[in-house]
Every structure is written in C-alpha cells, then in structure tokens.
Amino acid sequence: ANNVAKTTQTGVAFLPASKEAAASAPRSTNAPASASLRSMAEITSVVTSGAMSPAHSARIDQSDYILTAEPLSAGSQTLGAAVFVRSLDAELAPFRQIERTLLYTGALALVLSFLVSFLIARRITRPIEELAEIAERVTDGDLSVLPTSGRSDEVGVLAGTFGELITAL
C-alpha cells in the first residue's frame, strides 16, 4: 500500500469483504483509518456489487477527500475493495493560500489607497481652507493678513489675486 501511495501520491487501502477484518487491513500511511473507510456505504456497495465506484468527494474523520474504489476480485468472487483517496484539503491548500494572499494584499492596497487619497485631498484642500480663513478675517476688518502664494496652479493664482484685492482695500 505504501509503495502504491508513493508512486501515485494517493492514499491507498485494501479492504477485505468482511467488516470485522477491516481494522487490520493494509493501508498506506496517508490514507484514513480502514475502519472509517469500511463503514462507508459506497465501499460496501463496491464489495457487494463488484462494480467500481466513480470518483467523488467524501468527508472522513473531519477531513475532505476525493475517493474512488475498485473491487478486488478473484474470478467471479469479490474479495474486497481497493480504495484510493486524495486529501481535498491538501490539494486545495495552495489555492487557499493564493486566495488568502489576494485577500490580504487587496485589503492592504485598499487601506493604503485610502491613506494616499486622504493625504492628496488634504494637500489640495488645505490652501483653500487658508484662503477661507483669510476671507473671514478680512470680513471682520483685519486687513493685515495676506495669503501666501507659492503655487503656480489655480489656487496660487486665486491667492495672488486675493492678496492684491486685500492690498487695494
């Protein structure tokens, strides 16, 4: 069983037809307990009907597996079943890791983009807030304040023009 498992990367168990002998049935180290496998209805069906079980997912001992079973026959008599299992959890682990990485990266990118956009918005709105404060002070009669312009964009032009207006007053 271990040689087959090593070659195929699949858990293998050879289950006898009798349920009593299932506990000591040969199985690979990466296969679930033989007693858990033997108690499954699909395995009983394979042993009684002599027909192969198609691959399907099954939950065994709190783990998910992909399972298929083939009858072990001698002539027309079915002596047991060969059960092949692959851990669905192990097979999907790399994909779940990618999923977690994408989730964490996306969350981090969202937080960083929020912070950057906040800083950019603050940088844009701060000069306008300063002009609004100066306008309030001028309205209150304080003509000693002048906006500082060091920018060449629209806000800088507005600050310069506003400064000229205050100087004219």
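The values are calculated or read from the model by the stated rules, or taken from the named source; none is laboratory data. Owing to the predicted nature of the structure, the values given are computational and were not obtained by experimental measurement. Reconstructed Cβ throughout: ideal geometry from the backbone, glycine too, with neighbour counts over all protein chains shown. Heavy atoms of the whole protein, side chains included, go into the accessibility calculation; ligands, DNA and RNA do not. Shrake-Rupley method; radii C 1.70, N 1.55, O 1.52, S 1.80 Å.
The set of residues in segment 137-155 being without any contact (Cβ under 8 Å) to a residue 24 or more places away in the chain, in a helix (DSSP H, G or I) and under 48 Å from the mean Cα position of the chain (by Cα) consists of E154 alone. Identify the residue in segment 10-30 that is within 12 Å of F84 (Cα to Cα) and modelled with pLDDT of 80 or more and, among all such residues, is most open to solvent (accessible area, probe 1.4 Å). Ranking the qualifying residues of segment 10-30, first place goes to R27. In the set (1) over 18 Å from P26 (Cα atoms); (2) hydrophobic (A, V, I, L, M, F, W, C); (3) touching a Phe, Trp or Tyr at 6+ places or on another chain (Cβ under 9 Å), V111 fails one condition alone, (3).
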